[in-house]
Amino acid sequence: MIRFENVTKIYDPNIVGLQDVNVHIGRGDFAFLVGHSGSGKSTFIRLLLKEFEPSRGSITVAGRNLQRMRRGALPHHRRNIGCVFQDFKLLPNRTVAENVAYALRVTGQPARAIRRKVPEILQLVGLGEKMSNLPDELSAGEQQRVSVARAFVNHPSLLVADEPTGNLDPDTSVGIMQLLYRINRTGTTVLMATHDREMVDKMRKRVIALEGGKVIRDEDKGLYR
Amino acid sequence: MRFRFFLGEALDSLTRNWVMSVAAIVTVLVSMFVLGIGAFVFFNLQNATSGVRNKLEIEVFIKNTASQDQVNQLGDQIKGMPEVKSMDFVSKDEALQRLRDSMKGHEDVLAALSGNPLPASFEIFLKDTNQTNLVASRFYNNQTVDNSPVADSADNPITLAGDLSDGATNMTVTAGGGAQFAKDMYFHIDNEVMRVTDNPNGDTMNIARAQAGTKAEAHSKGAEIYGEDGVKTGGNTTARVNAVANYTLIGGSGFVILLAVASVLLISNTIRLSIFARRREVEIMRLVGATNWFIRWPFVMEGVFTGLLGATAAVILVIIVQNSIIDVISSQLSFLGAEAVPTGWLLLSIIGGGILLGSVGSALALRRFLKI
Ligand SMILES: Nc1ncnc2c1ncn2[C@@H]1O[C@H](COP(=O)(O)OP(=O)(O)OP(=O)(O)O)[C@@H](O)[C@H]1O
Ligand SMILES: [Mg+2]
């Protein structure tokens, strides 16, 4: 599903984001990306989304090489990846339902499908009652669930989450974690960058540890350490 | 579906910074209103001048007492003038028939007429309307034409007392009775155009041939001088109306272009603010895989909508102004004919113009501020 081959990202002026990273994550896998602040987790995820290009190496997502991808194909690439962020990135003056519907509209789904899918997915994340609320009328945990619903509503084959529990208390974090776990069980590949030691240790999933932009450890059923 | 969504987004942004939107709409309104009124005035004037142009330039009425020979001679003379494009003879009967046609419903008034008091006439069309006065002057003082004798009293016609000798180009004549001539006035002596070059005192004056080199064979000693009341001209208005139409066109276009540029800049600035207000949304849209045009359309429609709103308001205003003010004016200046402009066509182009301004404005903003 994801293949990084000798990927190096150097930011101007000469700041190492990633260095010689070789990672392969299979279809349907669940993987944690761990490491201290500044170790390169977000850089990894942004490269996946093709927000910018690697300085060296090649990245393949769902069998498509990102460096050879035409500009016009970029939207389709992104629709195939659901993403969740630490700051939720919800649209502030739109209702919960509209926020989720956004991801569907972008793909040109007909109005009927949108009317059917939005309540369905919001029910799934337990927000059926809050459809017509604005984001700032929700708790942080609820906002993050909206953002997960938006990421998953298109049923992408890959879901990436950059510290989705970074702003949440432990109990709420568990709720989000469970949601991501359930999404993974439907066959969706999930990659989650996190600082959350407890969570990683409890889940016993694959752990890819970064340090100074390099992969220092990559083990199945790993611990945060 | 998409269209409705984009429209909703566009209206949302339009109302969200409504002060800017209103400013942009008002500039479109003003520029399209000026365009509309300018075009209305221009087309009406054009219409009017073409109407005047088609009307006759000179009408020469013939004395009831003139013989058929005299009439034929005058007709041949007119046909021989190089300035004349065409000529029609209107007989007394035709003149009466025309009067009847123009007074349908008031036949009782005509019934009171005994016989036919209307004179026959020649209607003359010229190649160049600037020559109206010159040609008309040839019929002044002509005895076949229904000119009254110039008189210092009711029954004392003025008579030329000088001698116009062979080959003379200049001479001094003395007019009997009271003098009625002014410097540069044209008149005729035996079919030759003469110009008053000097009129130092009442009854003695210098005259010259208006066209040098023509042969003067006439002796006009004792000739009676006739006025010019049997000749009517109508061409003078043409040139004046033409000039007004051209000024309207030039001044109006300049003004409209200026206003259009202002509208485009204001629309572009409004859209720029919208883009700025939504930069976060645009970033999120990109992350969830929106295509470039999916992001652009709402902004394009916002611009188009601004233009459309302004133009629609302008159309309403133009219609109101047309129906009130301009109708009143044109009913007083009846020569304008008050003919309807191609109104539907004009209003459609105002709408089209508004949409164009809106699209150009948003295109400008998108190119500069929404680099994708
Ligand atoms: N846009 C950028 N321009 C320049 N340097 C950057 C940029 N983004 C990240 N960096 C640098 O690259 C390195 C890796 O950053 P990255 O954001 O990937 O770390 P991270 O692991 O996500 O950290 P955190 O856990 O704090 O989010 C850091 O040293 C950071 O300062
Ligand atoms: Mg980060």
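The values are calculated or read from the model by the stated rules, or taken from the named source; none is laboratory data. Being a predicted model, the structure only gives us computed values, none of them experimental. Cβ sites come from the backbone with ideal geometry, for glycine too, and all protein chains shown count toward neighbours.
Structural remarks
- Selection of segment A:13-31 for residues being assigned to a loop (DSSP other than H, G, I, E, B) and either among the charged types (D, E, K, R) or farther than 20 Å from residue A:82 by Cβ (or both) yields A:13, A:14, A:27, A:29.
- Segment B:266-277, residues that are surrounded by fewer than 17 Cβ atoms within 10 Å (Cβ to Cβ) and within 14 Å of chain A (Cβ to nearest Cβ): B:277
- Some residue of segment A:32-51 being away from ligand 2 (no atom under 16 Å from the Cβ) and not in a strand (DSSP E or B): yes
- Tally of residues being surrounded by fewer than 18 Cβ atoms within 10 Å (Cβ to Cβ), more than 15 Å from ligand 2 (Cβ to nearest atom) and within 26 Å of residue A:197 (Cα to Cα) across segment A:1-28: 7
- Residue B:61 vs. criteria at pLDDT below 85, under 39 Å from the mean Cα position of the chain (by Cα), more than 14 Å from chain A (Cβ to nearest Cβ) and farther than 20 Å from residue B:265 by Cα: no
- Annotation note: Cβ proximity below 9 Å between a residue of segment B:278-300 that is more than 7 Å from chain A (Cβ to nearest Cβ) and a residue that is among the small types (Gly, Ala, Ser) and not in a helix (DSSP H, G or I) (sequence gap 6+ or interchain) occurs for B:282/B:290.
- Subset tally (residues that are away from every other protein chain (no Cβ under 13 Å) and of a type in the set (Lys, Arg)) for segment A:59-99: 2
- Residues in segment A:77-108 that are in contact with a Gly (Cβ under 7 Å, 6 or more places away or on another chain) and either under 18 Å from residue A:2 (Cα atoms) or at pLDDT 90 or above (or both): A:78, A:79.
- Checking every residue in segment A:67-84 against the condition of being surrounded by fewer than 15 Cβ atoms within 10 Å (Cβ to Cβ), part of a loop (DSSP other than H, G, I, E, B) and within 9 Å of ligand 1 (Cβ to nearest atom) gives zero matches.
- Contacts under 6 angstrom Cβ, first residue in segment A:34-47 being closer than 11 Å to residue A:194 by Cα, partner within 9 Å of ligand 2 (Cβ to nearest atom) and modelled with pLDDT of 90 or more, 6 or more apart: A:35/A:41; A:41/A:193; A:42/A:162
- Subset of segment A:118-136 [in a loop (DSSP other than H, G, I, E, B) and surrounded by fewer than 20 Cβ atoms within 10 Å (Cβ to Cβ)]: A:126, A:131, A:132, A:133, A:134
- Residues of segment A:71-89 satisfying the condition of being without any contact (Cβ under 8 Å) to a residue 60 or more places away in the chain and away from ligand 2 (no atom under 16 Å from the Cβ): A:71, A:72, A:73, A:74, A:75, A:76, A:77, A:78
- Entry remark, segment A:100-122: residues being of a type in the set (Gly, Ala, Ser) and away from chain B (no Cβ under 11 Å) number 0 in total.
- Among the residues of this structure, residue B:256 does not count as one that is surrounded by 17 or more Cβ atoms within 10 Å (Cβ to Cβ) and facing chain A (nearest Cβ under 10 Å).
- Residues in segment A:184-194 that are out of contact with any helix residue (DSSP H, G or I) (no Cβ under 9 Å at 6 or more places or on another chain), in contact (Cβ under 8 Å) with a residue 24 or more places away in the chain and not small (Gly, Ala, Ser): A:184, A:189.
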